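K.L.:
Below: one structure in structure tokens.
The values are calculated or read from the model by the stated rules, or taken from the named source; none is laboratory data. If you're wondering where the values come from, they're calculated on a predicted model, not measured in any experiment. Here the Cβ positions follow ideal geometry from the backbone for every residue, glycine too, while neighbour counts run over all protein chains shown. Surface areas here come from the heavy atoms of the whole protein model, side chains and all, with no ligands, DNA or RNA. Shrake-Rupley method; radii C 1.70, N 1.55, O 1.52, S 1.80 Å.
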Amino acid sequence: MTADALTDVAGVRVGHATRTGDGWLTGTTVVLAPEGGAVAAVDVRGGGPGTKETDALDPRNLVQRVEAVVLTGGSAYGLDAASGVMAWLEERGRGVRVGPDPAHVVPVVPAACVFDLGRGGDFRARPDAATGRAAVEAAAACEPGAPVPQGCVGAGTGAVLGQMKGGVGTASTVLDSGITVAALVVANAVGSAVDPETGVLYGEFFQGRARHPEPEVHRAAQRRLAEVAGRNAPPPLNTTLAVVATDAGLSKAQAQKLAGTAHDGIARAVRPVHLLSDGDTVFTLATGARPLDAADPLALNEVLAAGADTVTRAIVRAVRAAEPVDGPGGAWPSYGELYGQR
């Protein structure tokens, strides 16, 4: 039995740190790799990314494996959350060995942020190193294969999609080869996840599960969104972040290709996408527990396609799991509030 989550990739754990109330509406999510790390890569498509240590993931560069990836709110300020994760890893001797002593390590912790500043009412309420430590400790405390909380948690706490509430979503699939591919997404975009003509989630058109809301329900939802649009400040910088993990044995170059094709999953579920005011970033982690069949030219293609598919499903789940927010920083209805949950 699987959790249909990123944690279905054996050894991968997810932890959230969430801050709400008293001006806060933000948080941090940490994806913790198995001890010893995972092959990692990244692909950035948005025009306004906020990232840390992504250059280290270039296949031409030295670092081969990382122990953790950080997704955080707080825009560029929130990248400080990675410092807390780095300190936690150093205390446990996990990182790139740089000296004769096993304690001589430098944990390389790639990170990316979403813009959520001021959405709780206080522009200065944003994640820091302590938030990052809380998230990695939560990840370490999880049982293997544990379900992952979704919706307005961790880095998705203050996420929005257009004028609708966004959040965290996750999904997984097991290929016929036995390889697992899974995704975790923080859905926070300038674009929308909803077809304005019908109210159907774009990602559910792809899944073949689209159920059209009644026209009067859709009209009421459009009126509600128009009402809150005048109250909310226009989102200057948004971002959809994703981590795609697999137990396949991938090289860094192959992992980077997976990160690139996974962006197709965002494009199916959010429109428009990859704008100048988005910072869309996809990380990949490959644990290597299952060798990829080098004799089968389609083996890698199956992993690449599954990466995009799971990202789309994860975005749909993020939108459906989100809860509405109405506070000092703005009002964002949820899809469930507007259209009802199935």
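K.L.:
Sorting Leu184, Leu275, Leu298, Leu338 by accessible area (1.4 Å probe), largest first, what list results?
P.N.:
Leu298, Leu275, Leu338, Leu184
K.L.:
Between the helical axis of 81-91 and the dominant principal axis of the chain, each derived from Cα atoms, what acute angle in degrees is found, rounded to the nearest 10?
P.N.:
Its long axis makes an angle of about 30 degrees.
K.L.:
What range in the chain is the longest one free of GluC sites (Glu not before Pro) that are in a loop by DSSP and have at most 15 other Cβ atoms within 10 angstrom?
P.N.:
36-196
K.L.:
On a 1.4 Å probe surface of the protein chains, which of Cys142, Cys113 comes out largest in accessible area, and what is the full order?
P.N.:
Highest to lowest solvent-accessible surface, that is Cys142, Cys113.
K.L.:
Okay, which of region 180-223 sit inside 20 Å, backbone N to the point 7 Å along the Cα-Cβ direction of Leu275?
P.N.:
Residues passing the 20 Å test: 186-203, 222-223.
K.L.:
Could you check how much of the accessible area of the chain is carbon and sulfur, as a whole percent, using a 1.4 Å probe? Mind dumping the intermediate values first?
P.N.:
On the way: 6960 of 13480 Å².
Accessible surface attributable to carbon and sulfur in the chain totals 52 percent.
K.L.:
Just to be sure I understand: with springs between alpha-carbon atoms less than 10 Å apart, which residue in Asp55, Asp278, Asp43 has the highest mean-square fluctuation in the Gaussian network model of the chain?
P.N.:
Among Asp55, Asp278, Asp43, the largest mean-square fluctuation in the Gaussian network model of the chain belongs to Asp55.
K.L.:
Between beta-carbons, use under 15 Å as the cut-off and find the net charge around Glu143, counting Lys and Arg +1, Asp and Glu -1.
P.N.:
Once positives and negatives cancel, what remains is -1.
K.L.:
Label Ala295 and Arg211 with points 7 Å out from Cα along Cα→Cβ: what is the distance between them in nm?
P.N.:
4.7
K.L.:
Tally Lys/Arg at +1 and Asp/Glu at -1 over every other residue whose Cβ is under 10 Å from the Cβ of Thr239; what's the total?
P.N.:
Details: positive: none; negative: Asp116, Asp278, Asp280.
That works out to -3.
K.L.:
For Glu337 and Val174 in one chain, what is 0.36 nm times their gap in residues minus the Cα-Cα distance, to one decimal in nm?
P.N.:
Net length gain for the segment: 55.4 nm.
K.L.:
Something else: Just need the relative contact order of region 6-339 here, percent rounded to a whole number, with Cα pairs under 8 Å and 6+ apart. Mind showing how you got there, number by number?
P.N.:
Values: 979 pairs, mean separation 82.8, N = 334.
Relative CO of region 6-339 lands at 25 percent.
K.L.:
Could I have the simple spin-label model distance between Ala10 and Ser251, label points 7 Å from Cα toward Cβ, reported in nm to one decimal?
P.N.:
Using points 7 Å along Cα→Cβ, the separation is 2.5 nm.
K.L.:
Give me the net charge for the shell around Trp88: Cβ to Cβ below 11 angstrom, other residues only, Lys and Arg +1, Asp and Glu -1.
P.N.:
With Lys, Arg at +1 and Asp, Glu at -1, the neighbours total -1.
K.L.:
Please give the helix 299-321 orientation as an angle from the longest Cα principal axis of the chain, in degrees from 0 to 90, rounded to the nearest 10.
P.N.:
40
K.L.:
Over 10 Å intervals from 0, what percent of Cα-Cα pairs in region 6-339 sits in each interval?
P.N.:
Reading upward from the zero bin: 7, 29, 35, 21, 7, 1, 0.
K.L.:
Can you give the charge dipole size of region 23-152 about its Cα centre, rounded to the nearest 20 debye, using +1 on the beta carbon of Lys and Arg and -1 on the beta carbon of Asp and Glu?
P.N.:
Magnitude of the dipole: close to 200 debye.
K.L.:
DSSP loop (so not H, G, I, E, B), at most 16 other Cβ within 10 Å: list which trypsin sites (Lys or Arg not before Pro) in region 231-288 pass both filters.
P.N.:
Working: sites: Arg231, Lys252, Lys257, Arg268; in loops: Arg231.
Passing sites in region 231-288 are Arg231.
K.L.:
Against the longest principal axis of the chain, how steep is helix 129-141, in degrees 0 to 90 to the nearest 10, with axes from Cα atoms?
P.N.:
The two axes meet at around 70 degrees.
K.L.:
Pulled fully out, how much extra length does the chain show between Ala129 and Ala226, if you take 0.36 nm times their separation in residues and subtract their Cα-Cα distance?
P.N.:
The Ala129-Ala226 span can extend by a further 31.2 nm.
K.L.:
From the backbone phi of region 172-178, what are the Karplus-calculated ³J(HN,Hα) couplings (6.51 cos²θ - 1.76 cosθ + 1.60, θ = phi - 60°) in whole Hz, Gly and Pro given as x?
P.N.:
With the stated coefficients, region 172-178 comes to 8, 8, 10, 6, 4, 6, x Hz.
K.L.:
If you take the alpha carbon radius of gyration of region 61-138 and divide it by 2.2 N^0.38 Å, what ratio comes out, to two decimals?
P.N.:
For region 61-138, the normalised Cα radius of gyration is 1.22.
K.L.:
Follow-up. For a quick check: with amide H placed at 1.01 Å from N, whose amide H comes under 5 Å from Gly121's, ignoring anything fewer than 5 positions away on the same chain?
P.N.:
Sorted by chain and number, the residues that satisfy this are Gly329.
K.L.:
Still on this model: Over the chain, give the accessible area per residue in Å² for a 1.4 Å probe, as an integer.
P.N.:
39
K.L.:
On to the next question. Between Ala140 and Asn61, what is the label-point separation in nm under the 7 Å Cα-to-beta-carbon projection?
P.N.:
In this crude spin-label approximation the distance works out to 2.5 nm.
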